[in-house]
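J.: Mind having a look at this structure? Questions to follow.
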Amino acid sequence: MRPSVCFSLIALSLCLIAVYPVGAADPPPGRMQLLSGYAHRPLQGIDSIVGEIVKDGGLKISYEIGHVSKPGEPMVGGGFRDRPKLLPKEDMRWYREQTINGQPVHMAFSKKSTLLVSFPEKGMNFRATIQSSEQFVDAMLMILTYPNLNNRQAQPDAKTDGIERQYVERAVLSKAEEKVVIELAQKRGIERIAKIYTYNLYPTAARGIGVQGIDEIKGRDVSYQVLDVRYKKWWHPNEAPKKGDLRIGDFWAGQPNTRKQTILRVGGKEYRTSAVQGLSMEQCESILERFLAGEYVLAPDARGNVDQIDWSKPQGFRKRGDVISVSFPHKQEGSGFFDLEVEMTEQKLTVTQILQAVP
């Protein structure tokens, strides 16, 4: 099968074949669009997300979504491996790279008629055994709609219902699912909800849900409740609600936790931090002000990529004996945090050690 013929068929099919959006009940990854007759079948992975796009008696496309390791991070089980690039040259008919909707895409076709397509930035690998030109066209028509930027599940506007949504791509709650999560939170005592969010639990395939209550502010002290919600479809296999958990359908939760923060003020803006120990507010604000302005120096032994630190989100300020440490998150959400040891005088702030925690 010649690539030029197949890609011509794809171009023609895009004009002639209707593409059907998938229902919200069990959407395929990235809300990609499936051709008529195909169905999404999620499977149970161990440390990655797996599933199939299938047509009875016809083509089967398997997929796997793994954690994308950052440069310098160790490879973990279930981590993303670029299958098209890893295909041995002696087994390869052709290999192509392209950028589609701003996403790099790698494609390879083996001598055994196996199509491999990866989206490296998303940690996605597709695989299909091709038996005809028509199957090749079907596979590419569906795979190349991932991730479908024009078919994202609509999220209610926080301005209309007062609730902020922050969902990771692999864990977007539908309106019906949100309704259950809100009911669960309210029955657990969080009557006024400020935020609902989802998150990945790498290196596993599990995903979690959090519900955050509104802030209670007294002076510089802020407190709010957070409820961790488990969803059977997204949580670890074989794990069930524990004694005392409240369950509604496939969702369950224990008791909410109270989290506390302290307000720091720098340059007319407010910043929140979760811990202030052994330092005054003025000392914390002075340290933060210097980091925000870039007015610090690195000691010769302080090694680390400070360009990746989000100075606007201080996590904690601590002093133990003569040692002062401050922590900030990585700019890329989910990529861990940095803990810095500093020495401070009236004239200078010196970073003496940089430690990075990677999930």
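The values are calculated or read from the model by the stated rules, or taken from the named source; none is laboratory data. All values reported here derive from a predicted model rather than from experimental measurement. Glycine also receives a Cβ, built like all others from the backbone with ideal geometry; neighbour counts cover every protein chain displayed.
J.: Looking at 280, 223 in this structure, which one is among the hydroxyl-bearing types (Ser, Thr, Tyr), over 25 Å from the mean Cα position of the chain (by Cα) and either within 18 Å of residue 194 (Cα to Cα) or buried (at least 18 other Cβ atoms within 10 Å of the Cβ) (or both)?
T.: On the way: 280 fails: either within 18 Å of residue 194 (Cα to Cα) or buried (at least 18 other Cβ atoms within 10 Å of the Cβ) (or both).
None of the others qualify; the one that does is 223.
J.: Restricting to the stretch 247-266, what's the tally of residues that are touching a strand residue (DSSP E or B) at 6+ places or on another chain (Cβ under 6 Å) and within 30 Å of residue 221 (Cβ to Cβ)?
T.: Looking only at that region, the number is 10.
J.: Within the stretch 242-250, identify whether any single residue is surrounded by 12 or more Cβ atoms within 10 Å (Cβ to Cβ), closer than 24 Å to residue 273 by Cβ and at pLDDT 95 or above, and answer yes or no. Steps first, please.
T.: Keep residues of the stretch 242-250 that are surrounded by 12 or more Cβ atoms within 10 Å (Cβ to Cβ), which gives 245-250.
Keeping just the survivors that are closer than 24 Å to residue 273 by Cβ gives none.
Scanning the stretch 242-250 turns up no residue that is surrounded by 12 or more Cβ atoms within 10 Å (Cβ to Cβ), closer than 24 Å to residue 273 by Cβ and at pLDDT 95 or above.
J.: Within the stretch 78-122, how many residues turn out to be touching a Ser or Thr at 6+ places or on another chain (Cβ under 7 Å), in contact (Cβ under 8 Å) with a residue 24 or more places away in the chain and among the polar types (S, T, N, Q)?
T.: 1
J.: Turning to a different aspect of this structure: Looking only at the stretch 195-205, decide whether some residue is at pLDDT 95 or above, hydrophobic (A, V, I, L, M, F, W, C) and under 20 Å from the mean Cα position of the chain (by Cα).
T.: The answer is yes; a qualifying residue exists.
J.: Which ones in the stretch 198-220 are surrounded by 13 or more Cβ atoms within 10 Å (Cβ to Cβ) and assigned to a strand (DSSP E or B)?
T.: Within the stretch 198-220, 198, 199, 200, 207, 208, 209, 210, 211, 212, 213 meet the criteria.
J.: Continuing with the same structure: Within the stretch 53-94, restricting attention to residues that are of a type in the set (Asp, Glu) and either surrounded by fewer than 15 Cβ atoms within 10 Å (Cβ to Cβ) or in a helix (DSSP H, G or I) (or both), which residue is modelled with the lowest pLDDT?
T.: So the residue we want is 56.
J.: Report those strands (runs of 3 or more DSSP E) wholly inside the stretch 244-359 carrying at least 3 residues which are touching a helix residue (DSSP H, G or I) at 6+ places or on another chain (Cβ under 7 Å). Walk me through it before giving the result.
T.: Working: elements: 246-248, 251-253, 257-266, 269-273, 275-277, 316-320, 323-329, 337-344, 349-357.
Answer list for the stretch 244-359: 257-266.
J.: Among the listed residues 129, 145, which satisfies the condition of being at pLDDT 95 or above, touching a strand residue (DSSP E or B) at 6+ places or on another chain (Cβ under 9 Å) and not hydrophobic (A, V, I, L, M, F, W, C)?
T.: Numbers: 145 fails: at pLDDT 95 or above.
So the residue among 129, 145 that is at pLDDT 95 or above, touching a strand residue (DSSP E or B) at 6+ places or on another chain (Cβ under 9 Å) and not hydrophobic (A, V, I, L, M, F, W, C) is 129.
J.: Mind listing whichever residues of the stretch 307-325 are under 17 Å from residue 283 (Cβ atoms) and without any contact (Cβ under 8 Å) to a residue 40 or more places away in the chain? Let's see the steps before the verdict.
T.: Of all residues in the stretch 307-325, those under 17 Å from residue 283 (Cβ atoms) come to 311, 314-325.
Result: 311, 321, 322, 323, 325.
J.: Evaluate the following for residue 243: is it of a type outside the set (Ser, Thr, Tyr) and either under 26 Å from the mean Cα position of the chain (by Cα) or not assigned by TED's automatic domain parsing to the domain that holds residue 178 (or both)? Working first, answer last.
T.: Numbers: of a type outside the set (Ser, Thr, Tyr): yes; either under 26 Å from the mean Cα position of the chain (by Cα) or not assigned by TED's automatic domain parsing to the domain that holds residue 178 (or both): no.
In short, no.
J.: Next question, about the same structure. Return the residue satisfying two criteria in turn: it lies in the stretch 344-359 and is farther than 20 Å from residue 69 by Cα and surrounded by 14 or more Cβ atoms within 10 Å (Cβ to Cβ), and of such residues it is modelled with the lowest pLDDT.
T.: Residues of the stretch 344-359 farther than 20 Å from residue 69 by Cα: 344-354.
The next check asks that each one be surrounded by 14 or more Cβ atoms within 10 Å (Cβ to Cβ); those that pass are 344, 349-354.
Numbers: 344: 89, 349: 94, 350: 95, 351: 95, 352: 94, 353: 94, 354: 93.
Restricting to residues being farther than 20 Å from residue 69 by Cα and surrounded by 14 or more Cβ atoms within 10 Å (Cβ to Cβ), the top hit is 344.
J.: Sort through 219, 268, 210 and tell me the only one that's at pLDDT 95 or above and out of contact with any Lys or Arg (no Cβ under 7 Å at 6 or more places or on another chain).
T.: On the way: 219 fails: at pLDDT 95 or above; 268 fails: at pLDDT 95 or above.
Being at pLDDT 95 or above and out of contact with any Lys or Arg (no Cβ under 7 Å at 6 or more places or on another chain) holds for just one of 219, 268, 210, which is 210.
J.: Any residue that is more than 17 Å from residue 233 (Cα to Cα), at pLDDT 75 or above and either surrounded by fewer than 12 Cβ atoms within 10 Å (Cβ to Cβ) or touching a strand residue (DSSP E or B) at 6+ places or on another chain (Cβ under 8 Å) (or both) - is there at least one of those in the stretch 37-52? Before the answer, list the steps.
T.: Just the residues of the stretch 37-52 that are more than 17 Å from residue 233 (Cα to Cα), to begin with: 37-39.
From the residues that got through so far, the ones that are at pLDDT 75 or above too are 37-39.
Right, trim to either surrounded by fewer than 12 Cβ atoms within 10 Å (Cβ to Cβ) or touching a strand residue (DSSP E or B) at 6+ places or on another chain (Cβ under 8 Å) (or both) and you get 38-39.
Within the stretch 37-52, one or more residues are more than 17 Å from residue 233 (Cα to Cα), at pLDDT 75 or above and either surrounded by fewer than 12 Cβ atoms within 10 Å (Cβ to Cβ) or touching a strand residue (DSSP E or B) at 6+ places or on another chain (Cβ under 8 Å) (or both).
J.: Still on this structure: Might you check whether a residue that is touching a residue at least 40 places away in the same chain (Cβ under 8 Å), outside the structural domain of residue 162 (by TED's automatic domain parsing) and of a type in the set (A, V, I, L, M) occurs anywhere in the stretch 256-270?
T.: Looking for residues that are touching a residue at least 40 places away in the same chain (Cβ under 8 Å), outside the structural domain of residue 162 (by TED's automatic domain parsing) and of a type in the set (A, V, I, L, M), one finds at least one in the stretch 256-270, hence yes.
J.: Does residue 224 count as farther than 30 Å from residue 47 by Cβ and either part of a strand (DSSP E or B) or touching a residue at least 24 places away in the same chain (Cβ under 8 Å) (or both)?
T.: yes
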